[in-house]
1. Filter the range 6-54 down to the residues that are at pLDDT 95 or above and charged (D, E, K, R) and list them by number.
2. Out of (1) within 14 Å of the chain's Cα centre (by Cα); (2) of a type in the set (A, V, I, L, M, F, W, C); (3) assigned to a strand (DSSP E or B); (4) within 29 Å of residue 118 (Cβ to Cβ), the odd one out for residue 14 is which?
3. What's the number of the only condition in (1) touching a Ser or Thr at 6+ places or on another chain (Cβ under 6 Å); (2) at pLDDT 95 or above; (3) of a type in the set (Val, Ile, Thr) that residue 3 fails to meet?
4. If the requirement is being more than 13 Å from residue 40 (Cα to Cα), of a type in the set (S, T, N, Q) and surrounded by 14 or more Cβ atoms within 10 Å (Cβ to Cβ), which of these qualifies: 94, 73?
5. Which of the residues belonging to the range 21-49 are β-branched (Val, Ile, Thr) and more than 21 Å from residue 68 (Cα to Cα)?
6. If we only count strands (runs of 3 or more DSSP E) wholly inside the range 25-96, which ones have 1 or more residues that are within 12 Å of the chain's Cα centre (by Cα) and farther than 24 Å from residue 110 by Cβ?
7. Which one of 46, 54, 37 is surrounded by fewer than 14 Cβ atoms within 10 Å (Cβ to Cβ), polar (S, T, N, Q) and in contact (Cβ under 8 Å) with a residue 40 or more places away in the chain?
8. Working only within the range 108-139, note down all residues that are among the aliphatic types (A, V, I, L, M) and assigned to a helix (DSSP H, G or I).
Amino acid sequence: MEIHGRCHCGYLTFEGEADPDKAGICHCTDCQTSTGSAFRTNIPVSGASFKMLSGEPTIYVKTTADSGNPRAQAFCPTCGTPIYSTSPGPGPKQVYIVRTGTLRERSQLVPKVQSWARSAQDWTMTGLAGINRYEKGSM
């Protein structure tokens with residue numbers, strides 16, 4: 001399916017092709033820290049189809065906690081929205097791991113897999129159905 005994304009402020013916009021069956025959740029501690037949340041939702045996008053339409057992301061290279069592999073983390077230099085991760089360095093990329101929350105089509109990208117479950121916060125495994133719910137903000 002065709003995907004369309006942007007950062008929070010709109011400086012960065014992009015598009016690509018993604019397989020909805022590959023949408024996932026990552027529970028690794030790097031994703032928890034970088035999102036400020038319990039997990040991150042991602043979808044792989046082929047490098048051949050991924051296109052930045054506007055803006056230039058800032059790149060931070062992070063050595064991943066468990067594998068020790070470097071990953072280029074792209075985010076908006078204006079608002080800080082994380083956009084994707086990929087292999088570091090110049091040249092074409094095989095895949096971009098795009099942050100699902102940046103996509104217009106995010107409601108269609110229901111996660112099909114969870115990775116790094118050993119690092120998952122226990123409360124994410126029991127579901128959210130029993131937690132009080134408000135249609136608008138409560139905090």
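The values are calculated or read from the model by the stated rules, or taken from the named source; none is laboratory data. Nothing here was measured: the structure is a model prediction, and the numbers come from that model. In this analysis, Cβ positions are derived from the backbone assuming ideal geometry, glycine residues included, and neighbour counts consider all displayed protein chains.
1. Within the range 6-54, 6, 15, 17, 19, 21, 22, 51 qualify.
2. Of (1) within 14 Å of the chain's Cα centre (by Cα); (2) of a type in the set (A, V, I, L, M, F, W, C); (3) assigned to a strand (DSSP E or B); (4) within 29 Å of residue 118 (Cβ to Cβ), only one is false for residue 14: (4).
3. Unmet condition: (1).
4. Of 94, 73, the one residue that is more than 13 Å from residue 40 (Cα to Cα), of a type in the set (S, T, N, Q) and surrounded by 14 or more Cβ atoms within 10 Å (Cβ to Cβ) is 73.
5. The answer is 41, 43, 45.
6. 70-75
7. 54 is the lone residue from the list that is surrounded by fewer than 14 Cβ atoms within 10 Å (Cβ to Cβ), polar (S, T, N, Q) and in contact (Cβ under 8 Å) with a residue 40 or more places away in the chain.
8. Within the range 108-139, 117, 125 qualify.
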